[in-house]
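Trainee: Here it is: the structure, laid out below.
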Amino acid sequence: MFEATNLYLDHNAAIWNAIPILTKYKTALNQVIEGIKQNALDQDSAQITIGGSIRELKQVIADKMDILDDSLEAYADDMNDSELLAQASNSKSDYFRLSHEEFETKTKNVIGLLEKNVDAMADYGMTVEQIEDVKTNFNSFQEKRGMPRAYQIASRIATQSLEELFEEGNKALTRLDKVMSRFRRSNVTFYIGYEAARHIVKS
């Protein structure tokens, strides 16, 4: 249930990613999943798997970076910062077509720029949660490649028990449900897909 909902939201990030409160709750869910993966010695007992191929994860990250780059590009343009603008002018295809090594380098570099400018970009809709969300996906991408994680999972999440993590994950889903209801009429197809993903239970 956690993973199905998380993946559905990842694949439809363009619909909800600009809503800060949804990003906050989605990031919490993402980090819980990573905590469960790190914590569980037996993933079957945790009733969860970290799904998605390397290619799928790369596409998810490219989609999210495209959205974040748009904000960074607008900020750089307003600041007349030609150097930042040159680094921020990336589309999702610019990311996805790179080799894995080049993709990792580029993504890490732009994440660094986003973190450096996140406070100044508040008016552009940029939040720490958005950056943390894509960093969590990036960790999963590197793990699937057999590479060390670029970013450490939050120490609070890393030290929680499975019971605590599942409780926190359920809280994140409940909060997501309340905010997602805004799409019940404005984007029926997306909302129905979300509801379906919410009720998929791994066995």
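Trainee: Over the Cα atoms of region 111-172, what is the Rg over Rh ratio if Rh follows Kirkwood?
Mentor: On the way: Rg = 14.1 Å, Rh = 13.5 Å.
Expressed as Rg/Rh, it is 1.05.
Trainee: Straight-line reach from residue 92: which lysines have Cα under 18 Å away, leaving out those fewer than 8 places along the same chain?
Mentor: In chain and number order, the partners are 58, 64, 106, 108, 135.
Trainee: Next question. Under a 1.4 angstrom probe, counting protein chains only, how are 140, 91, 82 ranked by accessible area, largest first? Walk me through the intermediate numbers first.
Mentor: Working: 140 10, 91 40, 82 95 Å².
Ranking 140, 91, 82 by accessible area, largest first, yields 82, 91, 140.
Trainee: In region 141-203, with Lys and Arg counted as +1 and Asp and Glu as -1 at Cβ, which of these residues, 166, 186, 197, has the Cα nearest the positive end of the dipole, that is, farthest along it?
Mentor: Value computed over the given set: 186.
Trainee: Work out the length of the dipole vector of region 1-150 about its Cα centre, built from +1 on the beta-carbon of each Lys and Arg and -1 on the beta-carbon of each Asp and Glu, and round it to the nearest 20 debye. Kindly include the intermediate steps, with their values, before the conclusion.
Mentor: Values: 15 positive and 26 negative charges, 109 e Å.
For this selection, approximately 520 debye.
Trainee: How large is log10 I(q)/I(0) at q = 0.09 Å⁻¹ when the Debye formula is applied to the Cα atoms of the chain, each weighted equally and without solvent?
Mentor: -0.34
Trainee: Mind giving me the FRET efficiency for residue 181 and residue 122? R0 is 25 Å, r the Cβ-Cβ distance, nearest 0.05 is fine.
Mentor: On the way: r = 26 Å, r/R0 = 1.05.
FRET efficiency, residue 181 to residue 122: 0.45.
Trainee: I've got another one for you. Sorted by accessible area with a 1.4 angstrom probe, largest first, how do 72, 7 fall?
Mentor: If we order 72, 7 from most to least accessible, we get 7, 72.
Trainee: Moving to a separate point now. By how many degrees, between 0 and 90 and to the nearest 10, does the Cα long axis of helix 20-39 differ from the longest principal axis of the chain?
Mentor: Computed tilt is about 60 degrees.
Trainee: Taking +1 at the Cβ of each Lys and Arg and -1 at the Cβ of each Asp and Glu, which of 131, 141, 71 sits farthest along the dipole of the chain towards its positive end, judged by Cα position relative to the Cα centre?
Mentor: The residue sitting most towards the positive pole is 141.
Trainee: From largest accessible area down, sort 66, 81, 119; use a 1.4 Å probe on the protein chains. Intermediate results must be reported in sequence, preceding the final value.
Mentor: Working: 66 35, 81 60, 119 135 Å².
Correct descending sequence by accessible area is 119, 81, 66.
Trainee: Any idea what angle helix 100-117 forms with the longest principal axis of the chain, computed on alpha-carbon atoms, 0 to 90 degrees, nearest 10?
Mentor: Helix 100-117 sits roughly 80 degrees off the main axis of the chain.
Trainee: Separate question: Would you calculate, for the chain, the mean residue ellipticity at 222 nm contributed by helices, counting each DSSP H stretch of 4 or more residues as -39,500 (n - 2.57) and dividing by all residues, to the nearest 500? Each step should come with its number before you reach the end.
Mentor: Values: 13 runs with 148 residues, N = 203.
The helix contribution divided over the chain gives -22500 deg cm²/dmol.
The values are calculated or read from the model by the stated rules, or taken from the named source; none is laboratory data. Given the structure is predicted, the values throughout are model-derived calculations rather than measurements. Glycine gets a Cβ as well: all are built from the backbone with ideal geometry, and neighbour counts include every protein chain shown. Heavy atoms of the whole protein, side chains included, go into the accessibility calculation; ligands, DNA and RNA do not. Shrake-Rupley method; radii C 1.70, N 1.55, O 1.52, S 1.80 Å.
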